Amino acid sequence: MAIEDDVLVVGGGLAGMTSALRAAREGARVRLVSHKKSTLRHASGLVDVLGYTPDGEVVAEPFAALSALPDGHPYRRVGTDAVRAGLALFDEVAGEAYEGAHTDANALVPTHGGTVKPTARYPRSVAAGLASRSDTTLLVGFETLTAFDAPLAADHLGAAGVPATTRGVTIEFPGEFRADSRVTRFARALDEDEPVSTANGTTTARRALAAAVEPHLDGAGRVGFPAVLGEDEPNRVRAALEARLGVDVFEVPMGPPSLPGLRLEELFDAALDEWGVRRTTGNPVVDFEADDGRIQAVYTDRNGQRVPFHADQFVLATGGLVGKGIDSDREGVVEPVFDCHVPRPDDRYEWFADGAFDDHPFARFGVTVDDDLRPLNASGGVEYGNLRAAGAVLGGADFAAEKSGSGISLATGYAAGRAVGEAM
C-alpha cells in the first residue's frame, strides 16, 4: 500500500534530521526514511562549523572565515544566515546539554588522540576540559579501554603547546569487567552506581572510581576521563565524582561507539517525536518513480518486497563517500538513490593526489546544487523540481580536513527543510 506524506527525507543523519525538523515546523507532514540508525552514534558529539581553512590554518572565528571559502562550497550556497539558523535550531534541540552558543569563536577541545579540535558547540560534559584553560590536568585511562591511552594523549597535548600542564595515568576500572567490554557497559555501571567489591569491602562504582583516582591528583585542578561517565545520567555521575575529588571533572570525546553521539541522537529523537516526524528505519531505498521532472515516490526494500512512499517534496541527505551516499568504482562516481549527477574528472588519476595527506579532489566529490539546493544535472539544469540535497552528499567541501561536517549538515539541512516546507 502506498504511504503518502508532504515531505519525505531520505537519510537519518544530522542533515536529514535537521531537514525533517525544519520542514515539520513549517506545518508539513514529514517522514524520514533511513537504512540504518543515525550516524551520530559514530560521531564525537562535537559540533563544528569550520575548524581549518582550505590551506590548513586553524580558524578562530568561523563566521568571519566563511566568505573566503570557494564559490561552490555549501556554506556559500546557503549563506551565513542559514548557518546561524541551523545552529540556532541545534541549540533549541540540545538545550542545556551543550555549550558554546554564547560566542562566535571556536572552542578548543582535547580529543582522545591528544589533538585539539576547534569546534563551535560541545557537550556540557567536556566543558571543563577546554584547552584554553590553564588548570593542571590529569587524564585518566582504563586498562580495559585501550582506545584511550591517557599518558600518550597527555604527551601529545604537551607537544601541541596546550598551556595547561597535563599528566596521564592508567588505572583499572573498579569492578569485574570482561576485557572486551563496550563503553556502554562502563557507562551503565556508573549510571546505576553498581556495587563494587574492593579489598576493604563493598562500595559503589562512583565511590570506587574516585578512590582509585585520588592518589594520582597531585595538585591537578581538573580530571579528564574517556567519555564513559554515564549514558543516561552523565551530569549526575560527573557531579558525584567532582564532589569526592574536589576538582572539576570532564569527558574526553572518543571514537565510535560514542556516548556523546548517542546522547545527541536521543535529543534529536525526542525533538522529532515532539514535532510529529514519522520514521521508517531498517530498509534501504532501492528505486524511485519520477514524472515530468518531479519525483513521485521512492521504494524501499522490505524483505524482498518493494514498499512505495509517496510525497510532494523530497530531501536527499544520505551522506558522502564514507556513508555511501556517494559511491564509486572504476567506472565512475554515482549518487545511488536518485542517480543525481556527480562531477568528477574523467581520468581517475586526477581523483587523488600523490601524498596520503595531500589535498585529494575525491574528498570534494558530491552532488552540485543551485542556490535552492536542488541537484543539477550534467548540463547545469535542475534534476528534479521537488528534490533538495543536504549534508555530506553535497560536493565542494572537504569535510574531514575543514572540520566542517556538522555545521554543513545543520546549515544545509535547515535550508533544505525550509525550502521543501515552504513549497507545500
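All of the numbers you see were taken from the coordinates with simple rules; none came from a lab. Bear in mind that the values here come from a model prediction, so they are computed numbers and not experimental data. FYI the Cβ positions are ideal-geometry reconstructions off the backbone, even for glycines, and counts take in every protein chain you see.
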Column: log10 I(q)/I(0), Debye, Cα scatterers of segment 65-216, q = 0.13, 0.22 Å⁻¹ | -0.79, -1.33
Segment 112-252: relative contact order from alpha carbon pairs under 8 Å, six or more residues apart, as a whole percent, is 29 percent
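Evaluate the relative contact order of the chain (contact order divided by residue number), counting alpha-carbon pairs under 8 angstrom at least 6 apart; express in whole percent.
Details: 971 pairs, mean separation 111.4, N = 424.
The normalised contact order for the chain reaches 26 percent.
Which whole-number percent is the relative contact order of segment 166-223 (Cα, under 8 Å, 6+ apart)?
That works out to 33 percent.
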Given charges of +1 on the Cβ of Lys and Arg and -1 on the Cβ of Asp and Glu, with all other atoms neutral, how large is the dipole of the chain about its Cα centre, in debye to the nearest 20?
-> 780 debye
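What are the membrane-span-like helices in the chain by this rule: whole DSSP H runs, Cα extent along the axis at least 15 Å, mean Kyte-Doolittle hydropathy at least -0.5?
On the way: long enough: 14-25 (16 Å, 0.48); 80-94 (21 Å, 0.66); 234-245 (16 Å, -0.41); 259-274 (23 Å, 0.09); 405-422 (25 Å, 0.34).
Span-like helices here: 14-25, 80-94, 234-245, 259-274, 405-422.
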The farthest towards the positive end of the charge dipole of the chain, of the residues 58, 46, 219, given +1 on Cβ of Lys and Arg and -1 on Cβ of Asp and Glu, is 219
Diffing segment 284-299: the Karplus 3J(HN,Hα) column from phi (6.51, -1.76, 1.60, θ = phi - 60°), in whole Hz with x for Gly and Pro, holds x, 7, 10, 6, 8, 10, 9, 8, 6, x, 9, 6, 9, 6, 10, 10
Cross-link reach from residue 324 to lysines, straight Cα distance under 23 Å and at least 8 residues apart if same chain, gives 36, 37, 403
Per DSSP H run of at least 4 residues, take -39500 (n - 2.57); add these up for the chain, divide by its residues and hand me the 222 nm value, nearest 500 deg cm²/dmol.
-> -8000 deg cm²/dmol
Of 36-47, 321-332, 290-301, ordering from highest average Cβ density within 10 Å down gives 36-47, 290-301, 321-332
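With +1 on the Cβ of every Lys and Arg and -1 on the Cβ of every Asp and Glu, and nothing else charged, how large is the dipole of segment 40-108 about its Cα centre, in debye rounded to the nearest 20? List each step's numbers first, then the result.
On the way: 4 positive and 11 negative charges, 54 e Å.
Taking the Cα centre of segment 40-108 as origin, the dipole is about 260 debye.
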Would you mind working out the magnitude of the charge dipole of segment 112-252 relative to its Cα centre, with +1 at each Lys and Arg C-beta and -1 at each Asp and Glu C-beta, to the nearest 20 Debye?
-> 400 debye
Where both partners of a DSSP beta bridge lie in the chain, what percent of those bridges are antiparallel, to the nearest 5?
-> 45 percent
